[in-house]
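> Take this structure first; my questions come after.
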Amino acid sequence: MDRGNKRYHTWNSHLKEQFGEKVFKVALDGGFDCPNRDGTVAHGGCTFCTVSGSGDFAQSRLDPLPIQMRKGIDKMHEKWPHTTKYIAYFQNFTNTHAPVEILRHRYEQVVNEEGVVGIMIATRPDCLPDETIEYLAELNERYYLWVELGLQTVHEETSRMINRAHDYQTYVDAVAKLRKHNIPVCTHLINGLPGETHEMMMESAKRMILDSDIQGVKLHLLHLMKNTKMIRDYHYGRLEFLEKDAYVNLICDQLEIIPKDIIIHRLTGDAPRDTLIGPMWSLKKWEVLNAIDDELARRDSYQGIYDIRISETMKKKQISN
């Protein structure tokens, strides 16, 4: 398998295996809200979330979706001018937080646009009623589909602190419902949430793998952004930024326990410089990614070397014997 000389299963290499060439995602604003903002489950949203619903690089919702798609393609062509295949990525807010007829209308404005080979839908585990699952199953039969579920942490105390407004079991149940229809799931974790230690973040990675049948994962560094409620945690000393070396070591530790067949969609994140409070070293994204590569090489290690699923199976066998 060609993984571009990486020691982990990258999203880019997966797409090249799937489609035979470079494919990029175009981040769209589908015009959805969030149940954690509009009072459906809570008010105020997650404390880390910006006014853009964690979609700072998505297109403007003032434009119709087909125009957003075209503008996004044109922008990405500045970097990859010869790419001809694209994934429509409904990124910010909660992209299943609407009746099915609205979901159908919005998604299918873009999936038939020229060059679009698939769709990725970011949402919350508590916004997947049965009728939505059935529609997603239909989409999965017709298109290349991923559902991205925001988990962020397995720790209930942290979830309450960041006002997540759903529990861990809701996530586990949501994955099971999606996988019943063979819908690929990518889980999103945030490293560096207030009060979480290295051990707690490792536990989130372990539980995510052991408790849910996922096909992809996004490991994201916490960015503290202006005009978010998490600033209060920072001012009151409840939030300390991870240092770059600590983050790199954590990511390598997490990669080592993630089974090698799981696709790594992301290992850090982007944030607009003018709204980022910290950590500022995260702005140098390629330095972070290169440092992860270097640390894996220094360890002579790779994704799945200590596969947690295999480890747990062996433990159970030893106990039964």
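Values quoted throughout were computed directly from the atomic coordinates according to the rules given, and no laboratory measurement underlies them. Computed from a predicted model, the values in this text were never measured in an experiment. Neighbour counts run over all protein chains shown; Cβ positions are idealised from the backbone, glycine included.
> Just for region 1-117, what percent of DSSP beta bridges are antiparallel, to the closest 5?
DSSP beta bridges in region 1-117 are roughly 10 percent antiparallel.
> Something else about it: What whole-number distance in Å separates the alpha-carbon centres of region 89-148 and region 208-231?
Answer, in whole Å: 20.
> Kindly provide the chymotrypsin sites (Phe, Trp or Tyr not before Pro) of region 250-317 that DSSP labels as loop, not H, G, I, E or B, and whose Cβ sees at most 14 other Cβ atoms within 10 Å.
Passing both the DSSP loop test and the Cβ count: Tyr306.
> Over what distance in Å are the Cα centres of region 269-321 and region 158-172 separated?
Going from one Cα centre to the other spans 23 Å.
> Could you tell me, in Å, what Rg and Dmax come out for the Cα atoms of region 268-321?
So, for region 268-321, Rg and Dmax equal 18.3, 59 Å respectively.
> Based on Cα coordinates alone, diagonalise the gyration tensor for region 126-233, multiply each eigenvalue by 5, take square roots, and list the semi-axes in whole Å, largest first.
Semi-axis lengths for region 126-233 are 27, 15, 13 Å.
> Please give the contour-minus-distance gain from Val100 to Asp211: 0.36 nm per residue of separation, less the Cα-Cα distance, rounded to one decimal in nm.
37.1 nm
> Sum up the charges of everything whose Cβ sits under 14 Å from the Cβ of Arg106, counting Lys and Arg as +1 and Asp and Glu as -1, but leave Arg106 out.
-4
> What net charge do the residues around Glu131 carry, taking every other residue with its C-beta under 13 Å from that of Glu131, with Lys and Arg at +1 and Asp and Glu at -1?
Neighbourhood net charge equals -2.
> Can I ask one more? First measure r as the distance between the Cβ atoms of Ile231 and Met314, then evaluate 1/(1 + (r/R0)^6) with R0 = 45 Å and state the FRET efficiency to the nearest 0.05.
For Ile231 and Met314, the calculated efficiency is 0.50.
> Rounded to the nearest 500 deg cm²/dmol, what is the calculated helix-only ellipticity per residue at 222 nm for the chain, with -39500 (n - 2.57) per DSSP H run of length n ≥ 4?
Mean residue ellipticity, 222 nm, calculated: -11500 deg cm²/dmol.
> On to the next question. Once all Cα-Cα distances of region 1-143 are split into 5 Å bins that start at 0, what whole-number percent is in each one?
Here the calculated profile for region 1-143 is 2, 9, 17, 20, 18, 16, 11, 5, 2, 0.
> Check cross-link reach from Lys6 to the lysines: straight Cα distance under 17 Å, and skip same-chain residues fewer than eight apart.
In chain and number order, the partners are Lys16, Lys22, Lys218, Lys260, Lys285.
> Once you treat every alpha carbon in region 191-321 as an equal point and sum by Debye, what is log10 I(q)/I(0) at q = 0.10, 0.14, 0.16, 0.19 Å⁻¹?
Taken in order of the listed q values, log10 I(q)/I(0) reads -0.37, -0.69, -0.86, -1.12.
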